[in-house]
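Heads up, the thing below is written out as structure tokens.
The values are calculated or read from the model by the stated rules, or taken from the named source; none is laboratory data. Predicted model, so just to flag it, every value in this text is computed and none were measured. Cβ coordinates were reconstructed from backbone atoms using ideal geometry, including for glycine residues, and neighbour counts include every protein chain displayed.
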Amino acid sequence: MEIRKILVPVDYSTCSNLASRYALKIARRSKAEILFFHAFYSPAYDLIELTGNKVSQKKLKAEVTSKLMESEEKEMAQFLQSLEKLPEIKSPDIKKIHSDIRPGLAKEEIQKICAEFEPDLVVMGTHGSDSLDSSILGSMTEFAIKKLKYPVLAVPENYTFIGEQNIKKIAYLTDFDETDFASIKKLMGLTALLDLTICCVHVGGKSGNWERLKMDGLKNYFSSTYEQTQVECEILSTDENILQAIDNFVKENNINMLSLTTRRRNLIEKLTKPSLTKKLFYHSRIPLLVFHS
């Protein structure tokens with residue numbers, strides 16, 4: 001996973017500021033360029049389409065967009081100024097920092113900017129499902145995890161940023177699917193870049209011989225393919241709630257980031273078995289790195 005470009009969609013909130021700081025930290029270590037992106041939409045667009053002829057509609061819409069763009073550019077400038085106080089942004093190792101603002105629906109515009117910019121990593125802040133904040137960033141991050149083909153790093157709003165010790169150990173949650181190997185290969189690039197220890201964890205019910213055999217195979221893969229990388233492998237043998245088991249593992253092992261691969265599921269699976277990715281998205285108090293199969 002070579003990180004040359006990082007995209008950071010923002011809504012100017014405190015949560016966005018936190019995600020931006022995390023992205024800047026990675027950009028400093030990877031010497032990547034970083035793009036802060038914001039999309040805005042006004043209900044006035046819909047009202048304009050209900051009044052006047054097409055010529056007047058087009059002119060009025062252009063005027064509204066121009067005024068909104070002026071306001072959004074000021075907000076973006078203020079947001080970037082707030083980041084200038086951070087020690088991460090002053091590093092000469094960051095290749096380039098720039099911004100982009102576009103009118104339109106956020107979901108559509110994020111997909112468009114990804115197709116153009118082709119980021120190696122998308123970093124977004126997220127609000128929990130019980131948050132009273134009016135920001136839409138949480139739902140946008142969930143959308144990005146589902147729809148974008150690029151790795152997405154979701155930084156929760158209640159995350160405590162205390163420095164380099166924030167990025168020391170990462171746990172990759174595996175179900176022994178063949179797509180895990182592709183994700184692990186990408187993850188190894190990131191762990192080498194940030195000097196991380198990786199814990200490969202299988203979670204579920206009580207483990208049996210089959211699970212242990214598959215974990216042994218994964219250990220052999222790590223030792224033969226990534227000799228220089230620190231890797232720990234563990235099976236969580238438990239009948240308790242999966243989220244609680246992951247929580248306990250995170251606390252007991254001082255895990256700083258969770259990672260997993262999200263996979264396409266058929267309709268029956270979606271109706272009968274809620275996605276672990278979605279559960280972790282709203283539950284996790286540490287950053288969640290999601291790869292796509």
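Does the range 234-250 contain any residue that is of a type in the set (D, E, K, R), at pLDDT 80 or above and more than 22 Å from Ala192 (Cβ to Cβ)? Yes, the range 234-250 contains a residue that is of a type in the set (D, E, K, R), at pLDDT 80 or above and more than 22 Å from Ala192 (Cβ to Cβ). Of the residues making up the range 22-34, just one is in contact with a strand residue (DSSP E or B) (Cβ under 9 Å, 6 or more places away or on another chain) and surrounded by fewer than 20 Cβ atoms within 10 Å (Cβ to Cβ), namely Glu33.
Yes or no: the range 153-169 includes at least one residue that is part of a loop (DSSP other than H, G, I, E, B), surrounded by 15 or more Cβ atoms within 10 Å (Cβ to Cβ), among the hydrophobic types (A, V, I, L, M, F, W, C) and modelled with pLDDT under 80. Looking through the range 153-169, at least one residue is part of a loop (DSSP other than H, G, I, E, B), surrounded by 15 or more Cβ atoms within 10 Å (Cβ to Cβ), among the hydrophobic types (A, V, I, L, M, F, W, C) and modelled with pLDDT under 80. Residue pairs whose Cβ atoms lie under 6 Å apart, sitting 6 or more positions apart in sequence or on different chains, and linking a residue in the range 239-259 that is under 20 Å from Leu153 (Cα atoms) and free of Cβ contacts under 8 Å to residues at least 12 places away in the same chain to a partner that is outside any loop (DSSP other than H, G, I, E, B) and basic (Lys, Arg), do not occur here. For the range 110-130, the candidate set comprises residues that are modelled with pLDDT under 85 and of a type outside the set (Asp, Glu); within that set, the residue that is farthest from Ser20 (Cα to Cα) is Ser129. Filtered by the rule that a residue be in contact with a Cys (Cβ under 7 Å, 6 or more places away or on another chain) and over 13 Å from Val122 (Cα atoms), the range 144-159 gives a lone residue, Glu157.
The sole residue among Asp133, Asp195 that is among the acidic types (Asp, Glu), at pLDDT below 80, over 14 Å from the mean Cα position of the chain (by Cα) and within 18 Å of His38 (Cβ to Cβ) is Asp133.
A single member of Lys25, Lys107, Lys61 is touching a helix residue (DSSP H, G or I) at 6+ places or on another chain (Cβ under 7 Å), at pLDDT below 85 and not in a loop (DSSP other than H, G, I, E, B), and it is Lys61.
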